[in-house]
Amino acid sequence: MPLPQDERVVALAEDLLQQLQAMFGPHPGFRPAHAKGLMLTGSFTPAPGANQLTRAPHVTRPSTPVTARFSNSTGLPDLPDNVGDANPRGFAIRFNLAEHVHTDIVSHSTDGFPTRDGYEFLEFLRAAAASGPDVPSPKPVEVFLGSHPAALAFVQAPKPFPSSLARQTYYAVTAFAFTNSAGVKTFGRYRIVPEAGNDFLSEAQAAKLGPSYHFSEIAERVNKGPVRFRVMVQVAAPGDATGDATVHWPESRELKELGAVELNAVMPDSLQQQKQIIFDPIPRVDGIEPSADPLLELRAAIYLLSGRQRRKA
Ligand code: HEM
């Protein structure tokens, strides 16, 4: 996982990292976003016919071991699971193809993202940071949201509390190019759909939950039996925007199944593993390529810079 050659991308990643660390405070050894998490292990089994979409190794083999991490939003490692800022939840999946060879999916529980690129996201974070309770209206964040409809739509999108991390759909948001063995290229966006179905709590129900309810619940659940998700790909139609995460495709677009992820156990040394693992939003595997979405290269840079700092802490 290399840093991008473009120095502007690296400089932007450094600025974003600093901004997030300033907003959430220093928590050495933890992520400055999606700080609270839990790691699990399991396997991926491809769906029949998935190789028509991609020739990627995990889709052409009978089974591939996976390592996964669920997380709450924000850079606060002790954030209670039942406060609004815990949403969107994160779900990162690593497909372990061979020793030190892997490809990842990094997804969260809201379909979309507030900004088209990292420059705009930095502007958004700075506006939010400068909009404390004592700042009179219109606060910088209100001004930003008033002039950025995609950010406003993301902020206003419902983010209900799931009854379980296993009862929630996750979206990787950006598009990827999937290529099969005949060289046919299809653009698509991942959706990780729980086999048990989506199930959400009311605000009142969520308010009664314990501060680590979701992580305790998923641990208990996998102890009783495997937790399964279907890895789906929402397929783009000609003309759909493939390089802009803020543009939604119509819900009528076909969903193709890539396969199923089954989680069977919590990693006994989950905290230590979280410190070490650096998920990569760019697939870096034959058969799945990044789209032109500017978020991808930037995120890969920031996750790598952040992960290197975390490992040293
Ligand atoms: C400008 C855009 C973005 C920025 C600056 C950003 C920033 C970050 C940072 C700094 C981390 C911590 C990385 C680490 O220390 O390993 C992180 C993790 C994460 N981000 Fe983003 N992010 C962005 C976009 C997104 C998008 C579009 C999604 C949803 C698909 C997303 C989902 C996640 C998840 C799930 C994690 C936790 C991954 C893990 O478990 O290691 N982020 N993000």
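Calculated FRET efficiency, MET1 to GLN21, Cβ-Cβ distance, R0 = 30 Å: about 0.90 to the nearest 0.05. Each Lys or Arg adds one and each Asp or Glu takes one away; over the other residues whose Cβ falls under 10 Å from the Cβ of ASN82, this sums to -1.
What number, in percent, do you get for the relative contact order of the chain if the mean sequence gap of Cα pairs under 8 Å and at least 6 apart is divided by its residue count? Relative CO of the chain lands at 26 percent.
Would you mind getting me the FRET efficiency between ASP85 and HIS248? Use the beta-carbon distance for r and R0 = 22 Å, nearest 0.05. According to the calculation, E is roughly 0.40. Between ASP78 and VAL135, residue separation times 0.36 nm minus the direct Cα-Cα distance comes to 17.8 nm.
Take the convex hull of the alpha carbons in the chain; its mean projected area over all directions comes to 16.5 nm². Of all lysines in the structure, those lying under 26 Å Cα to Cα from LYS275, and not within fewer than 8 positions of it along the same chain, are LYS36, LYS312.
Considering only alpha-carbon pairs that sit under 8 angstrom and 6 or more positions apart, the relative contact order computed for the stretch 149-256 is 31 percent. Measuring how big the stretch 203-299 is from its alpha-carbon positions, Rg and Dmax come out at 18.1, 47 Å. With a simple spin-label model that places each label point 7 Å from the Cα along the Cα-to-Cβ direction, the separation between ALA313 and ARG228 comes to 3.7 nm.
To the nearest 500 deg cm²/dmol, what mean residue ellipticity at 222 nm is calculated for the chain from DSSP H runs of n ≥ 4 alone, each contributing -39,500 (n - 2.57), summed and divided by the residues?
Only helices count here, giving -9000 deg cm²/dmol.
For GLY37, the shell of other residues with beta-carbons less than 15 Å away shows a net charge of +1, using +1 for Lys and Arg and -1 for Asp and Glu.
Just so you know, all these numbers are worked out from the coordinates, no wet-lab data involved. Keep in mind the model is a prediction, meaning the values are calculated, not measured. Virtual Cβ from ideal backbone geometry, glycine too; neighbours counted across all protein chains shown.
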